[in-house]
1. Can you sort 160, 218 by how many other beta carbons sit within 10 Å, fewest first?
2. Just want the ordering: 20, 113, from fewest to most Cβ atoms lying within 10 Å of their own Cβ.
3. By how many degrees, 0 to 90 and rounded to 10, does the Cα axis of helix 284-295 deviate from the longest principal axis of the chain?
4. What whole number of Å gives the distance from the Cα centroid of segment 314-329 to the Cα centroid of segment 171-231?
5. Starting from the Cα of residue 154, step 7 Å toward the Cβ, then list every residue of segment 118-138 with an amide N under 14 Å from that point.
6. For the pair residue 293 and residue 233, how long in nm is the line joining their label points, each one 7 Å along Cα→Cβ?
7. Classify segment 1-115 from the C-alpha gyration tensor, please: rounded if a/c falls under 1.5, else prolate or oblate depending on whether a/b exceeds b/c.
8. Give me 210, 102, 252 ranked fewest to most by other Cβ atoms within 10 Å of their Cβ, as a rough exposure proxy.
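None of the figures in this text is laboratory data; all of them are computed from the coordinates on show. No experiment lies behind these values; they were computed from the predicted model shown. Here the Cβ is made from the backbone with ideal geometry for all residues, glycine too, and neighbour counts use every protein chain on show.
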């Protein structure tokens, strides 16, 4: 780790000024990912600006949406009464995501901005287009058991590691950004990028911008759950995860939202599956047909072909569970 300057932002304006005036400057909240990246010399900032003392509010807006400040800790978000009542899938995803010690430190913005845990990304002897653009991707022909099956490219097959983000992907979430040049709001769906030819460009965050808060619209109708399949029950990153909200009325799928984790460079929304099920009978046969259609786009590699079948089975299990819950209402 190289030497760096450390400063504490006493206001949002001071943080924005630091980002504007100093090009190699990073924002730090909890530091649960950034510090690891600095230790591995992947991130080598000249200065880090601590924003952990900025506003940490969770408030309900006039339109019913919930605004969550960027510096809110994951534990506080998961345990907040409004979240547990209106967005239980989000609470569950956060709890599944990490140990209590990490959740007590990690922030909402840090969780959204965390980078892949691909072992080739962390190995400076390996070719990695994320770390050194244009160097190649050793994961494609290497050990790729934990890598992506959706949205991959010849440049990168890494996955996004967040559990919280998978839940946010099925909620009507927006990310509020600020810089010295002004403010803007981005749909959560558009914030994270697929790798394409530029896997080192992971988000829509522009130079000098900082996440100030996220807004989640009023709660969706239906039953919800978060299912995470991992190698061990003690906190590990997902091989496959599923966040789902399902509403059934008179045996018809009234509405559905489903996103997948551990399978793509960004939280993967199962749009094809949703479109195929919405407004149709909630039968096992229809569920399986929808899953097969969604999975047509999946491409496995040498060590992760199993993820295709694992994803199918996990989605079907989740849909069956939520169907039972809906029918019992």
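1. Values: 160 26, 218 15.
Fewest to most other Cβ atoms nearby, the residues stand as 218, 160.
2. On the way: 20 14, 113 21.
Ranked by crowding around the Cβ, least crowded first: 20, 113.
3. The helix 284-295 is inclined about 30 degrees to the chain.
4. Each part's Cα centre sits 28 Å from the other's.
5. 134-137
6. 3.8 nm
7. Taking the square roots of the gyration eigenvalues as a ≥ b ≥ c, segment 1-115 is oblate.
8. Details: 210 22, 102 16, 252 13.
So the residues, fewest neighbours to most, are 252, 102, 210.
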